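Peer 1: Just passing along the structure, written as structure tokens.
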Amino acid sequence: VFAAIAQAPEDPILGVTVAYNKDPSPIKLNLGVGAYRTEEGKPLVLNVVRKAEQFLVNDQSRVKEYLPILGLAEFNKLSAKLILGDGCAAIEENRVATAQCLSGTGSLRVGAEFLAKHYHQHTIYIPLPSWGNHLKVFTMAGLSVKTYRYYDPTTRGLNFQGLLEDLGAAPAGAMVLLHACAHNPTGVDPTLEQWEQIRQLIRSKGLLPFFDSAYQGFASGSLDADAQPVRMFVADGGECLVAQSYAKNMGLYGERVGALSIVCKAADVASRVESQLKLVIRPMYSNPPIHGASIAATILKNSDMYDEWKIELKAMADRIISMRKQLFDALSARGTPGDWSHIIKQIGMFTFTGLNSDQVAFMTKEYHIYMTSDGRISMAGLSSKTVPHLADAIHAAVTR
Ligand code: LMR
């Protein structure tokens, strides 16, 4: 009965790792998926995560019972506080409904399913370009996806005018997906002044903001600074949704730890929203897994561990920033044609190089460097040892 099934294409991001794994070359380099690597090119488990795990293992009172449908209550409270900030009025007034979900993707999907069922508008605007999975997550949930201008290839920066025009022309009530910080794939973020203008526009038109916060702490090295855009929207008393991921900032990729928070205008609304989130989640996966959320909650509630986490997080962010500088210097030293200053101007895990898909294919074939075909490279996958190899490849690709 399945004989006629067509072969599906690999995922544009995760498929890069599949191709990389098949390559026997000793010099191969995976700059596809956004996953942090050490200077030695190894995945990193944070010390504080090991500590929290040890703490959990030693606690004999812990059992493996099902979590409630919305997950670990303590984790949810701490997650909302992490993104919305200490003393946030919405939290204090019990206006925030939070559900532990399966990392950022799961949080987006639960939010999208909830909106498809309960929100009067079904159009969501996502930036052009955006993380490749956004389109699929929202479409699969039954929303209709449109784009707003975001990236300007000529300046390799923000097309702020285009963004304002497109959101200004969106129908009242439409949803808007915003990357909280470290925009993926471009590494281009609005300034705080521009965020303020975006906020005023969104509020004046009654659009509904949905933040994807996958890199809190990764853009600037500061958890508070990276949460600033979200906090500006919550401070004005209006509604918004936030999907949080702990994949990058705690390195909990495979544990699938994240949260969806829906900020409402009143406590009774939040409590009804929460009741409906349960109805969305139960038929999808019943309830979320316990281990990763327990690690995150342990770190977030223990002040020593929290401080240690911030130091380790800053070290990851700083290493990425130093990779930007090293790659920029290496291209300058080679006299590679073109302006490469965007490598040091863009922030977060990725550089949107401006290389086209032919150049990317050339670099993969000749230099065994793996990256997404849109020219995005994961700076977190680079090290001092591999910078020269990448610079050689880029130089060859643009001068051939
Ligand atoms: C990425 O963009 O590389 C990450 O967010 C990982 C993923 O799931 O695509």
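The values are calculated or read from the model by the stated rules, or taken from the named source; none is laboratory data. Being a predicted model, the structure only gives us computed values, none of them experimental. Here Cβ is always computed from backbone atoms with ideal geometry, including for glycine, and neighbour counts include all displayed protein chains.
Peer 1: Does Val48 satisfy the criteria of being more than 19 Å from the chain's Cα centre (by Cα) and not in a loop (DSSP other than H, G, I, E, B)? It would help to see each step written out before you state the result.
Peer 2: Numbers: more than 19 Å from the chain's Cα centre (by Cα): yes; not in a loop (DSSP other than H, G, I, E, B): yes.
Answer is yes for this residue.
Peer 1: If you don't mind, another one. Being within 16 Å of the ligand (Cβ to nearest atom), under 19 Å from Met371 (Cα atoms) and over 21 Å from the mean Cα position of the chain (by Cα) is true for just one of Ala19, Ala35. Which residue is that?
Peer 2: Answer to the check: Ala19.
Peer 1: Can you name the residue in segment 315-346 that is in a loop (DSSP other than H, G, I, E, B) and loosely packed, with under 15 Cβ neighbours inside 10 Å and is also nearest to the chain's Cα centre (by Cα) among such residues?
Peer 2: From segment 315-346, those in a loop (DSSP other than H, G, I, E, B) are 335-341, 346; that's our starting set.
With the extra rule that they be loosely packed, with under 15 Cβ neighbours inside 10 Å, the set shrinks to 335, 337-339, 341.
Values: Gly335: 34, Pro337: 32, Gly338: 29, Asp339: 27, Ser341: 24 Å.
Within segment 315-346, the match that is nearest to the chain's Cα centre (by Cα) is Ser341.
Peer 1: Taking Val16, is it touching a Phe, Trp or Tyr at 6+ places or on another chain (Cβ under 9 Å), aliphatic (A, V, I, L, M) and either touching a residue at least 12 places away in the same chain (Cβ under 8 Å) or part of a helix (DSSP H, G or I) (or both)? Lay out the reasoning, then the answer.
Peer 2: Working: touching a Phe, Trp or Tyr at 6+ places or on another chain (Cβ under 9 Å): yes; aliphatic (A, V, I, L, M): yes; either touching a residue at least 12 places away in the same chain (Cβ under 8 Å) or part of a helix (DSSP H, G or I) (or both): yes.
It is true that Val16 is touching a Phe, Trp or Tyr at 6+ places or on another chain (Cβ under 9 Å), aliphatic (A, V, I, L, M) and either touching a residue at least 12 places away in the same chain (Cβ under 8 Å) or part of a helix (DSSP H, G or I) (or both).
Peer 1: Given Ala99, Ala112, which one is assigned by TED's automatic domain parsing to the domain that holds Ala247 and over 19 Å from Glu255 (Cβ atoms)? Spell out the reasoning first.
Peer 2: Numbers: Ala99 fails: over 19 Å from Glu255 (Cβ atoms).
Result: Ala112 is the single residue among Ala99, Ala112 that is assigned by TED's automatic domain parsing to the domain that holds Ala247 and over 19 Å from Glu255 (Cβ atoms).
Peer 1: Quick check, is Arg282 out of contact with any Asp or Glu (no Cβ under 8 Å at 6 or more places or on another chain) and either within 16 Å of the ligand (Cβ to nearest atom) or without any contact (Cβ under 8 Å) to a residue 40 or more places away in the chain (or both)?
Peer 2: no
Peer 1: Select from segment 90-140 the residues that are in contact with a Lys or Arg (Cβ under 8 Å, 6 or more places away or on another chain) and among the polar types (S, T, N, Q) and write down the one among them that is nearest to His291 (Cα to Cα).
Peer 2: Ser103
Peer 1: Another one. Given the conditions (1) in contact (Cβ under 8 Å) with a residue 40 or more places away in the chain; (2) more than 16 Å from the ligand (Cβ to nearest atom); (3) more than 24 Å from Pro26 (Cα to Cα), report the number of the one that Ala330 does not fulfil.
Peer 2: Unmet for Ala330, out of (1) in contact (Cβ under 8 Å) with a residue 40 or more places away in the chain; (2) more than 16 Å from the ligand (Cβ to nearest atom); (3) more than 24 Å from Pro26 (Cα to Cα): (3).
Peer 1: Within segment 95-112, is even one residue surrounded by fewer than 17 Cβ atoms within 10 Å (Cβ to Cβ) and either modelled with pLDDT under 95 or more than 16 Å from the ligand (Cβ to nearest atom) (or both)?
Peer 2: no
Peer 1: Does segment 234-250 hold any residues that are closer than 20 Å to Glu93 by Cα and either within 16 Å of the ligand (Cβ to nearest atom) or assigned to a loop (DSSP other than H, G, I, E, B) (or both), and which are they?
Peer 2: Filtering segment 234-250 down to residues closer than 20 Å to Glu93 by Cα leaves 234-242.
Result: Asp236, Gly237, Gly238, Glu239.
Peer 1: Among residues belonging to segment 259-274 that are out of contact with any strand residue (DSSP E or B) (no Cβ under 9 Å at 6 or more places or on another chain) and part of a helix (DSSP H, G or I), point out the one that is surrounded by the most Cβ atoms within 10 Å (Cβ to Cβ). So that I can check it myself, show each step before the final result.
Peer 2: Of the residues in segment 259-274, the ones out of contact with any strand residue (DSSP E or B) (no Cβ under 9 Å at 6 or more places or on another chain) are 265-268.
Checking which are part of a helix (DSSP H, G or I) leaves us with 267-268.
Details: Ala267: 14, Asp268: 11.
Step by step, filter segment 259-274, then rank; the result is Ala267.
Peer 1: Let me ask something additional. Scan Leu56, Leu44, Leu29 and give me the residue that is in contact with a strand residue (DSSP E or B) (Cβ under 6 Å, 6 or more places away or on another chain) and either within 16 Å of the ligand (Cβ to nearest atom) or not polar (S, T, N, Q) (or both). Lay out the reasoning, then the answer.
Peer 2: Values: Leu56 fails: in contact with a strand residue (DSSP E or B) (Cβ under 6 Å, 6 or more places away or on another chain); Leu44 fails: in contact with a strand residue (DSSP E or B) (Cβ under 6 Å, 6 or more places away or on another chain).
Sole residue among the options that is in contact with a strand residue (DSSP E or B) (Cβ under 6 Å, 6 or more places away or on another chain) and either within 16 Å of the ligand (Cβ to nearest atom) or not polar (S, T, N, Q) (or both): Leu29.
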